[in-house]
1. Filter the stretch 89-105 for residues that are under 13 Å from the mean Cα position of the chain (by Cα) and surrounded by fewer than 13 Cβ atoms within 10 Å (Cβ to Cβ); which is modelled with the highest pLDDT?
2. Within the stretch 1-41, which residues are surrounded by 12 or more Cβ atoms within 10 Å (Cβ to Cβ) and of a type in the set (Asp, Glu)?
3. Is there any pair linking a residue in the stretch 58-87 that is among the acidic types (Asp, Glu) to one that is open to solvent by 70 Å² or more (accessible area, probe 1.4 Å), with Cβ under 6 Å and at least six apart or on different chains, and which?
4. Residue 48 fails exactly one of the following numbered conditions: (1) farther than 23 Å from residue 154 by Cα; (2) within 20 Å of the chain's Cα centre (by Cα); (3) among the charged types (D, E, K, R). What is the number of that condition?
5. With respect to residue 61, is the statement that it is modelled with pLDDT under 95, within 19 Å of the chain's Cα centre (by Cα) and either of a type in the set (Lys, Arg) or over 21 Å from residue 146 (Cα atoms) (or both) true?
6. Write out, first by first residue and then by second, each pair whose Cβ atoms fall under 8 Å of each other, whose residues are 6+ apart or on separate chains, and whose first residue, in the stretch 29-46, is within 17 Å of residue 4 (Cα to Cα) while the second is part of a helix (DSSP H, G or I).
7. Restricting attention to the stretch 118-143, report how many residues are open to solvent by less than 70 Å² (accessible area, probe 1.4 Å), among the polar types (S, T, N, Q) and either touching a residue at least 60 places away in the same chain (Cβ under 8 Å) or closer than 27 Å to residue 69 by Cβ (or both).
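The values are calculated or read from the model by the stated rules, or taken from the named source; none is laboratory data. In this text the structure is predicted, and so the values were computed from the model without any measurement. Backbone-built Cβ (ideal geometry, glycine too); neighbour counts: all protein chains shown. Note: areas computed on protein heavy atoms with side chains; ligands, DNA, RNA excluded. Shrake-Rupley method; radii C 1.70, N 1.55, O 1.52, S 1.80 Å.
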Amino acid sequence: ERLARAQRELSRKAKGSANRRKAKAKVARIHARIADRRRDFLHKLSTRLVRENQTVVIEDLSVRNLLRNHSLARAISDAAWTQLRSMLEYKCAWHGRELVVIDRWFPSSRLCGACGTIGEKMPLNVRDWTCECGTVHDRDVNAARNILAAGLAVSACGDGVRPQRESSRTGRSSVKQEPQRATAGIPRL
């Protein structure tokens, strides 16, 4: 609010005046304060994550493409995701932790954490969805669980986490490598 007010005041000042120069300096101070607070929060968050966990799993997001959504662009920019990722990268290297980055095309929010079924595409306004197996998922919680499972699979097996194509050799990813049940393939009554 203070930034918006200061920018409105700056826009009313006559160009080249001393008052405009003072208003411009005020806007710059407010911007610097916001940037300092954001950087401080990101340093504290990244340090806590790295100290408390041996493996940190994040999703590789194309922030530039996400900023094209005009209704979310301001919130995404304010969150400074790219800056958080760079802090996590160098702090994990410092502390000897493992940082696993999941591919941006991994269907984390559409993949059912219970049965492994990939649901159809859904718009961002769908926050809860029900799988064919009957499990009700919160979109963000389900995505977090799937990203963690995929990251741990990468850490343990060294495998990629892209969804398997039908033409793959086994048709199964490392996330679901349990042996099949003895009743697999027998239709349920």
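1. Out of the qualifying residues, it is 105.
2. Answer for the stretch 1-41, where residues must be surrounded by 12 or more Cβ atoms within 10 Å (Cβ to Cβ) and of a type in the set (Asp, Glu): just 9.
3. Pairs that qualify, where the first residue is among the acidic types (Asp, Glu) and the partner is open to solvent by 70 Å² or more (accessible area, probe 1.4 Å), are 60/104.
4. Unmet condition: (1).
5. no
6. Qualifying pairs under 8 Å: 30/2; 30/3; 30/6; 31/3; 34/3.
7. The total comes to 1.
Conditions tested, residue by residue: (1) in contact with a strand residue (DSSP E or B) (Cβ under 8 Å, 6 or more places away or on another chain); (2) hydroxyl-bearing (Ser, Thr, Tyr); (3) within 21 Å of residue 43 (Cα to Cα).
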site: 57; (1), (2), (3): yes, no, yes
site: 61; (1), (2), (3): no, no, yes
site: 64; (1), (2), (3): no, no, no
site: 67; (1), (2), (3): no, no, no
site: 70; (1), (2), (3): no, no, no
site: 79; (1), (2), (3): no, no, yes
site: 84; (1), (2), (3): no, no, yes
site: 92; (1), (2), (3): yes, no, yes
site: 96; (1), (2), (3): no, no, yes
